[in-house]
Amino acid sequence: MLIETETTPNPATLKFLPGRQVMTAGTRDFASPEEADASPLAEALFALGDVTGVFFGHDFVSVTAAPGVEWPMLKPDVLAILLDHFAADMPLFKPGSAGGISVPPAGGEFEDDPADAEIVAQIRELIDTRVRPAVANDGGDIVYRGFDKGKVYLQMQGACSGCPSSTMTLKNGIEQLLKYYVPEVTEVRAV
């Protein structure tokens with residue numbers, strides 16, 4: 001089995017492509033070892049001690065290294081864990097765990113005004129069809145969290161979380177796209 005790697009715009013994160021489906025639906029972001037309890041693979045990666053984030057996409061796994069850790073030293077260990085996991089066809093999640101799509105963090109979700117339903121539908125469609133595929137190419141995901149008085153709240157995950165260029169992506173890319181197609185949008189903010 002061959003696992004390819006790709007760099008991401010976030011120098012701390014590498015994207016690993018096992019050549020097969022990782023998630024059947026949605027994505028899953030693990031920002032701490034405690035969150036990784038649901039997944040044997042995520043647990044094993046965090047157990048290396050030099051990993052601060054694991055993200056499962058449709059056909060990739062993004063791994064974020066701790067500050068000061070060099071990828072040439074960490075990459076062989078990550079590859080060994082991924083090879084063992086996928087070659088043995090082990091389950092991605094423990095039985096009875098909350099596998100699948102990430103659960104929003106408490107307080108990270110805004111309740112949309114029902115009067116904005118049409119605007120929210122347009123925003124969600126643009127994010128799903130134009131933004132998420134591009135962000136997935138970079139080893140991450142972007143999740144809609146809410147719309148309030150012209151402001152769109154989005155959460156960056158995987159390689160995009162903590163990426164030095166994520167602010168530019170939000171402001172110069174996503175915000176401009178949403179403002180162009182949905183005039184009611186005045187600003188995009190990360191949560």
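Contact order, relative form, for region 114-190: 29 percent (alpha carbon pairs under 8 Å, 6 or more residues apart, mean separation divided by residue count). Across region 1-156, the mean sequence separation of Cα contacts (distance under 8 Å, 6 or more residues apart), normalised by length, yields a relative contact order of 23 percent.
Loop-located trypsin sites (Lys or Arg not before Pro) in region 121-190 (DSSP state other than H, G, I, E, B) with a sparse environment of at most 16 neighbouring Cβ atoms within 10 Å: LYS149. Distance distribution P(r), region 4-87, all Cα-Cα pairs, bin width 5 angstrom from 0: 3, 15, 30, 29, 18, 5, 1 percent. For region 23-64, GluC sites (Glu not before Pro) meeting the loop criterion (DSSP other than H, G, I, E, B) and having at most 12 other Cβ atoms within 10 Å: GLU34.
Modelled spin-label separation between GLU6 and ARG20, with each label point placed 7 Å from Cα along the Cα-to-Cβ direction: 2.0 nm. For region 1-41, applying the loop criterion from DSSP together with a ceiling of 15 other beta carbons within 10 Å to the trypsin sites (Lys or Arg not before Pro) yields ARG20.
Here the gap between SER165 and ASP59, fully extended at 0.36 nm per residue and compared with their Cα-Cα distance, gives a gain of 35.8 nm. Return, ordered by residue number, the residues of region 12-34 whose backbone nitrogen is under 19 Å from a label point located 7 Å along Cα→Cβ of MET90. The answer is 16-24, 28-34, whose backbone nitrogens lie closer than 19 Å to the label point. Using a simple spin-label model with points 7 Å from Cα along the Cα→Cβ vector, what separation in nm is obtained for ALA121 and VAL191? For the pair ALA121/VAL191, the computed spacing is 2.2 nm.
Any read-out appearing in this document is the output of simple, stated calculations on the displayed coordinates, not a laboratory observation. Computed from a predicted structure; not experimentally measured. Positions of Cβ are generated from backbone atoms using ideal geometry, with glycine treated the same way; all protein chains shown enter the neighbour counts.
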